[in-house]
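Asker: Please read through the structure below; I'll follow up with questions.
The values are calculated or read from the model by the stated rules, or taken from the named source; none is laboratory data. Only a predicted model underlies this, so the values are computations on that prediction, with no experimental measurement involved. Cβ placement follows ideal geometry from the backbone for every residue including glycine, while neighbour counts extend to all protein chains displayed.
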């Protein structure tokens, strides 16, 4: 199934340029979709725009973007005019810097996209950039205008393509010191470390996307299926609230031993 | 600075050990430059209105319900309480169900990061888990009800603390393999790969955090100014795509230009001339092609 690209443009490394396209790595298409209905008529509810002053409906063709110049003073901008913004990074991802992947912490990652070749003509140039990054174990850093903001982006080879991440702005990340003030500088108790290491080892599993399953969506689908058959009301399944033992310092060691014992029992 | 407000409070549990923790927003979302939607005819702002598609009457928020379409035009109605009932009751516990080697994790699942901090009583258990995971180079998977939804989070050591990243649901993530399946396999070897690696080597650096004042805002202001003054900005120049037959030459020239630039104190200035140089080179066609290779080998 061909998906319309979210963005089209060029990938550039020094004098090498190739046409590329991009799509979001996430999608809503598999989500249970609801429509909004009117409770009284059961008809679909749709939204439209009305003129804020006259209250009359505004046709789609009459909607235009307004850039606020002052209070209640707008300049109308057509999409074609916006395309003339004089900034290379609206159309070209020019990779300016390469850095080891580990040097960019997870917290900077904002939205992932899949970047691929748009025209077979660019296949070789794209592959050169991708394979050279992979061979050097580097990610590329560049700038790109998306949703009318110039973002820092990170490019990482992935299979035949490249994953492009928008990176957060510096002032979007909150200062971690304010949150971890209460954590002392002492490392963990050396006597307990072997135990926690053992526990981690016992419970280490390979990554699997199914770990991010959504039990609620399945329940909603069940509910819909039931309603479709009959009109029985579902009852709320009560989960027994757990009573955590609390972070008592004295019994961490015992708790760790019990955990390891419990786990070894399962494996035996 | 006022004490940060917790988004969620509960317990983090690994094995039989539990510690009291709280989640705090670690990153706020990027704000785009917002335009207002105007009515072209009147120049007035517009506002959104929700109406009944059949009767055209305005439907107020409290009269809106969710409907699941079963057949064309036939809906099963779900009241907000019924949707809420599908979410299990919260036991306020992030129970770690598995540890995953950090280098195996598919980061495309990442949604939002939260700082995960211990309460005063739980620092010892917290530090133990943090250092244990750091040493084993793993992150932990846990599930709980967050913000009225059942969410999976990935917990990883971060400085003195932990970060819990919410994960997108599996059905929300496109498979990378499928996304790239239409592209042919192509592995680059030999001189091309060497040249490209060489270019990357000359551009090694660090990621500099950028501040929110982005150049787009300035460029947009310039556009608006031009329009007010009745000027039109020149159309952006068409981008020249490397032709397959030019590719090796473009790489050689890039590598050559990089090597030359390295000897000069100002790289940016040197790079600025590269485009012009290349256009000349293309016009001059192949006879000069070998000089680029020479430069690289000499460097």
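Asker: Just give me the residues in the range A:56-73 being farther than 17 Å from residue B:228 by Cβ, more than 7 Å from every other protein chain (Cβ to nearest Cβ) and in contact with a strand residue (DSSP E or B) (Cβ under 9 Å, 6 or more places away or on another chain), in sequence order.
Answerer: Of everything in the range A:56-73, those that are farther than 17 Å from residue B:228 by Cβ, more than 7 Å from every other protein chain (Cβ to nearest Cβ) and in contact with a strand residue (DSSP E or B) (Cβ under 9 Å, 6 or more places away or on another chain) turn out to be A:56, A:57, A:59, A:60.
Asker: Is the range A:39-54 home to any residue that is at pLDDT below 90, surrounded by 14 or more Cβ atoms within 10 Å (Cβ to Cβ) and in contact with a helix residue (DSSP H, G or I) (Cβ under 8 Å, 6 or more places away or on another chain)?
Answerer: Yes: one or more hits.
Asker: Would you mention how many residues in the range B:111-126 are facing chain A (nearest Cβ under 7 Å) and surrounded by fewer than 23 Cβ atoms within 10 Å (Cβ to Cβ)?
Answerer: Within the range B:111-126, residues that are facing chain A (nearest Cβ under 7 Å) and surrounded by fewer than 23 Cβ atoms within 10 Å (Cβ to Cβ) number 4.
Asker: Given the options B:192, B:186, name the one that is outside any helix (DSSP H, G or I) and more than 25 Å from the chain's Cα centre (by Cα).
Answerer: Going through B:192, B:186 in turn, the sole match is B:186.
Asker: Which numbered condition trips up residue B:152, out of (1) in contact (Cβ under 8 Å) with a residue 60 or more places away in the chain; (2) in contact with a strand residue (DSSP E or B) (Cβ under 6 Å, 6 or more places away or on another chain); (3) within 7 Å of chain A (Cβ to nearest Cβ); (4) assigned to a strand (DSSP E or B)?
Answerer: (1)
Asker: So, in the range A:67-115, how many residues would count as being over 23 Å from residue B:219 (Cα atoms) and buried (at least 19 other Cβ atoms within 10 Å of the Cβ)?
Answerer: Going through the range A:67-115 one residue at a time, the tally reaches 11.
Asker: Mind checking which residues of the range B:177-211 are loosely packed, with under 14 Cβ neighbours inside 10 Å and at the interface with chain A (Cβ under 7 Å from one of its Cβ atoms)?
Answerer: Result: B:177, B:184, B:185, B:187, B:204, B:205, B:206, B:211.
Asker: Has the range B:15-32 got any residue that is under 30 Å from residue A:69 (Cβ atoms), more than 31 Å from the chain's Cα centre (by Cα) and assigned to a strand (DSSP E or B)?
Answerer: Looking through the range B:15-32, none of the residues is under 30 Å from residue A:69 (Cβ atoms), more than 31 Å from the chain's Cα centre (by Cα) and assigned to a strand (DSSP E or B).
Asker: Since residue B:88 meets every condition but one in (1) modelled with pLDDT of 90 or more; (2) outside any helix (DSSP H, G or I); (3) more than 30 Å from residue A:188 (Cα to Cα), which condition does it not meet?
Answerer: (1)
Asker: Moving to a separate point now. Take the residues in the range A:125-147 that are facing chain B (nearest Cβ under 8 Å) and surrounded by fewer than 20 Cβ atoms within 10 Å (Cβ to Cβ), then tell me which one is farthest from residue B:245 (Cα to Cα).
Answerer: Per the criteria, the residue is A:147.
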